[in-house]
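Below: one structure, written as structure tokens.
The values are calculated or read from the model by the stated rules, or taken from the named source; none is laboratory data. The model shown is predicted, which means the values in this text are computed figures rather than measured ones. Counting neighbours? That spans all protein chains shown, and the Cβs are built from the backbone with ideal geometry, glycine included.
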Amino acid sequence: MKLKTLASALIVSGIMSQTVAAAELEISVQNLTHGNQFTPILIAAHDGDSHLFQAGEMATPALQKMAEGGDIADLAAAVTGAGGVTSENPAGGLLFPGAHVDSIMLDTLTMTHLSVTAMLLPTNDAFVGLDAWEIPTEAGTYTLNLNAYDAGTEANDEIINGGGAAGTPGIPAAPGMDGGANGTGVMDGSSNDKVHIHPGVLGDTDPNGGASDLDSRIHRWLNPVARITVVVK
């Protein structure tokens, strides 16, 4: 049965103490990449049947808008429309490589699961993802390392052309002003049109041509790409 649609953790560790109801969280998010930025981050608390995305499933239009252009508005509206709560854009814009945003307070009310997402720039449709992590009911500090996912909605041509609208090929921008130009385009032979682990970017070292507008010395990554720390009060 398909769950209704509203980041998968590699590592979970907890320092636990007294038992409490999952209610108030203090969250921090860190960008672990060498040279990629995160667009505005969406943190959502929701019920166990809801998802911002699911690996192996088709991306929703709301997820596509976020993954291709960094627009979290429709995802956030879906969460609140289903009774969930959100923290939207806690970094106040882009989260740069190595940077972190701390002390994000989120009252989960009666919600039991946590999801996180943000687009990676510069990419075609890559995003940081945590999918419906069950919030512990014991107080403590929990650390999760997050993968980058491919929304499966756009070929990874690695061409920077300002194409941030859903369904418009290309990469919106390289915020670090470290992208190239005049690339002929990477041939993306993948036929996987569902959400899946992102293969990473290829890039090249020619800033004025080559196949890619991305710099392989700066923009390539290996998972995980983000770390989230959740303090359950």
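Being under 18 Å from residue 65 (Cβ atoms) and in a strand (DSSP E or B) is a description that applies to residue 118. Restricting the stretch 190-214 to residues that are of a type in the set (A, V, I, L, M) and within 22 Å of the chain's Cα centre (by Cα) leaves a set whose member that is surrounded by the most Cβ atoms within 10 Å (Cβ to Cβ) is 214.
Which one is nearest to residue 68 (Cα to Cα), of the residues in the stretch 160-218 that are of a type outside the set (A, V, I, L, M) and touching a Lys or Arg at 6+ places or on another chain (Cβ under 8 Å)? The qualifying residue nearest to residue 68 (Cα to Cα) is 200.
For residue 155, the conditions (1) buried (at least 21 other Cβ atoms within 10 Å of the Cβ); (2) under 16 Å from residue 188 (Cβ atoms) are fulfilled apart from (1).
Out of curiosity, is residue 50 under 20 Å from residue 110 (Cα atoms), modelled with pLDDT of 95 or more and either assigned to a loop (DSSP other than H, G, I, E, B) or touching a Cys at 6+ places or on another chain (Cβ under 8 Å) (or both)? The answer is yes for residue 50. The set of residues from the stretch 186-205 being in contact with a strand residue (DSSP E or B) (Cβ under 9 Å, 6 or more places away or on another chain) and farther than 29 Å from residue 52 by Cβ comprises 204, 205.
Looking at residue 228 and the list (1) over 15 Å from residue 128 (Cα atoms); (2) assigned to a strand (DSSP E or B), which single condition is not satisfied? The failed condition is (1). Any chance the stretch 206-225 includes a residue that's among the aliphatic types (A, V, I, L, M), out of contact with any Asp or Glu (no Cβ under 7 Å at 6 or more places or on another chain), under 21 Å from residue 102 (Cα atoms) and assigned to a strand (DSSP E or B)? No, because not a single residue in the stretch 206-225 is among the aliphatic types (A, V, I, L, M), out of contact with any Asp or Glu (no Cβ under 7 Å at 6 or more places or on another chain), under 21 Å from residue 102 (Cα atoms) and assigned to a strand (DSSP E or B). Residue count for the stretch 132-171, restricted to those that are within 16 Å of the chain's Cα centre (by Cα), within 14 Å of residue 121 (Cα to Cα) and of a type outside the set (A, V, I, L, M): 3.
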